[in-house]
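Since the structure comes first, as structure tokens, the remarks are kept for the end.
The values are calculated or read from the model by the stated rules, or taken from the named source; none is laboratory data. If you're wondering where the values come from, they're calculated on a predicted model, not measured in any experiment. Note that we place each Cβ from the backbone using ideal geometry, even for glycine, and neighbour counts take in every protein chain shown. Note: accessible area is taken over every heavy atom of the protein model, side chains too, but ligands, DNA and RNA are not part of it. Shrake-Rupley method; radii C 1.70, N 1.55, O 1.52, S 1.80 Å.
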Amino acid sequence: GADLQVCTSKNSTCCTKKMEERYQTAAKQDIQQVLQTSSATLKFLISRNAAAFQETFEMLIRLAENYTSTLFCNAYRNMAAEATVHVQEFFTDVGLFLFGTDASTEEFVNRFFDTLFPVVYNHVINPGPTDISLEYAECLRAARRDIRPFGNIPKKATGEMGRSLLSSRTFLQALNVGVEVINTTDHLHFSRDCSRALLRMQYCPHCQGLTLSKPCMGYCLNIIRGCLADVAEVDLHWQGYIQALQELSGALSGAHGIEHVLLNFHSLVHDALLQARINGPELSEQVNKICGPPVRKPKQSPGCSFGQSKDNEGLKMFSRDSEQTLANRRKEFISHLQLYRAFYGGLADQLCGNELAVADGLPCWNGEDVVRSYTHRVVGSGIKAQSANPEVKVKGTDPVISQIIDKLKHVIQV
């Protein structure tokens, strides 16, 4: 094969141009394979935990909704059916916010107390033989923030919900970004120069019948560091990302934790209803000033339809140790993740050390021949270091990697 592009040699070899092209494809596939294998446990660690945390949050939302509906069933049976509808809407909003919809916690907490006020007025503050009309209920809803029937409870709920839901939502989003980073670096687009260097390192010796020889360590490092120069730039931001996740995880525990806030929401509602009942006469006066005397229509309040299902028993068992379990699970996850802090910085060394090259001191392939040792200078990691790379020319940054670095920077800031 006199027309070989990369695997050229002084003597004639057993490769044709066609074989060289096929080896070129194989060299690229091999490196992709090695990259994916090296990141597989890290990717699994993050994606498995993202799924587990999401599932736990869904469970907590269901449990908190059940607690709140049960409160109405047990203590305010006559208005439970109406109130439960608003409870369901509220926890649907909680779920939407937690799993990524752009909504304001202040808005949906206030909406819940706004819609609850007419129901409470009708059944607790000023109960009558008939229900208040829809127009009157609408007036009450609009006036709730001025009348403040629940005191400062809505404000307290807004503060607690806002903080805990935002932290947990950020935690989930950050885990998804982590998986995206790994998916991106697992499927790199290699430059022509890098592809040729990989071919020379892995398959050119085959053309000379040297099927068992492996590349020298220094030679391998130069080529892989050249090919992964962009990926090494992720290192600093990846370390920052793990650090930020660790700090956020610490802030998720205790009184600000999602478990604590969601599972205690029903007691806030209980306090709010108590306050409305105690201040009933004054509230009635205020309502008369703003909305006039109650306009009523025939009564049609069904009783309590919320069943204590078997499901509830399972949820109760879950709740008892959920806070501890969640905190422990986060701790365990972060401590496992810490082991991968330097993953991107040491990736080339890991690939050459574990898979591709032979240890120093053994006969090895240097790109032209089998030698006792590799004599060229071995360059460091990252783009700057590549200007002195004898094996691979590196031009500029890969825009796909720049994009993923921007995503990491953004999530660290959030």
Exercise for the section: Could you tell me whether region 103-122 includes any residue that is in a helix (DSSP H, G or I) and surrounded by fewer than 14 Cβ atoms within 10 Å (Cβ to Cβ)? Expected result: yes
Exercise for the section: Just give me the residues in region 276-291 being within 44 Å of the chain's Cα centre (by Cα) and open to solvent by less than 60 Å² (accessible area, probe 1.4 Å), in sequence order. Expected result: Ala276
Practice task
Take Thr41 and decide whether it is in a helix (DSSP H, G or I), more than 19 Å from Asn264 (Cα to Cα) and either modelled with pLDDT of 95 or more or out of contact with any Gly (no Cβ under 7 Å at 6 or more places or on another chain) (or both).
Solution key: yes
Exercise for the section: List every residue pair whose Cβ atoms sit under 6 Å apart, with the two residues 6 or more apart in sequence or on different chains, where the first one lies in region 159-174 and is on the phi < 0 side of the Ramachandran plot and the second, anywhere, is crowded, with 17+ Cβ neighbours inside 10 Å and not in a helix (DSSP H, G or I). Expected result: Ser167/Leu252
Exercise for the section: Name, by its number, the condition in (1) open to solvent by 50 Å² or more (accessible area, probe 1.4 Å); (2) within 38 Å of the chain's Cα centre (by Cα); (3) modelled with pLDDT of 90 or more that does not hold for His376. Expected result: (2)
Practice task
Evaluate region 381-398: report whether one residue or more is closer than 30 Å to Glu259 by Cα, assigned to a helix (DSSP H, G or I), basic (Lys, Arg) and open to solvent by 90 Å² or more (accessible area, probe 1.4 Å).
Solution key: no
Handout entry: First in region 237-255 and within 14 Å of Ile412 (Cβ to Cβ), second anywhere and among the hydrophobic types (A, V, I, L, M, F, W, C) and not in a helix (DSSP H, G or I), Cβ under 7 Å, 6 or more apart
Key = Trp238/Phe343
Problem - Filter pass, Val358 being within 39 Å of the chain's Cα centre (by Cα), modelled with pLDDT under 90 and β-branched (Val, Ile, Thr) - result: yes
Exercise for the section: Would you be able to tell me the number of residues in region 8-21 that are closer than 20 Å to Glu368 by Cα and out of contact with any Gly (no Cβ under 8 Å at 6 or more places or on another chain)? Expected result: 5
Exercise for the section: Name every residue in region 81-93 that is under 25 Å from Asp146 (Cα atoms) and either under 24 Å from the mean Cα position of the chain (by Cα) or of a type in the set (A, V, I, L, M, F, W, C) (or both), in order of residue number. Expected result: Ala83, Val85, Val87, Phe90, Phe91, Asp93
Problem - Pairs where the first residue, in region 381-395, is free of Cβ contacts under 8 Å to residues at least 12 places away in the same chain and the second is outside any loop (DSSP other than H, G, I, E, B) and open to solvent by 60 Å² or more (accessible area, probe 1.4 Å), C-beta under 9 Å, 6+ apart - result: none
Practice task
Just name the residue that is most open to solvent (accessible area, probe 1.4 Å) out of those in region 361-372 that are in contact (Cβ under 8 Å) with a residue 60 or more places away in the chain and within 46 Å of the chain's Cα centre (by Cα).
Solution key: Asn366
Exercise for the section: Starting from residues that are crowded, with 18+ Cβ neighbours inside 10 Å and among the aromatic types (Phe, Trp, Tyr), keep the ones in region 9-55 and report whichever is farthest from the chain's Cα centre (by Cα). Expected result: Tyr23
Problem - Complete set of residues in region 322-345 that are open to solvent by 30 Å² or more (accessible area, probe 1.4 Å) and not in a helix (DSSP H, G or I) - result: Leu339, Tyr340, Arg341, Ala342
Problem - Some residue of region 185-195 being open to solvent by 20 Å² or more (accessible area, probe 1.4 Å), among the hydroxyl-bearing types (Ser, Thr, Tyr) and touching a helix residue (DSSP H, G or I) at 6+ places or on another chain (Cβ under 6 Å) - result: no
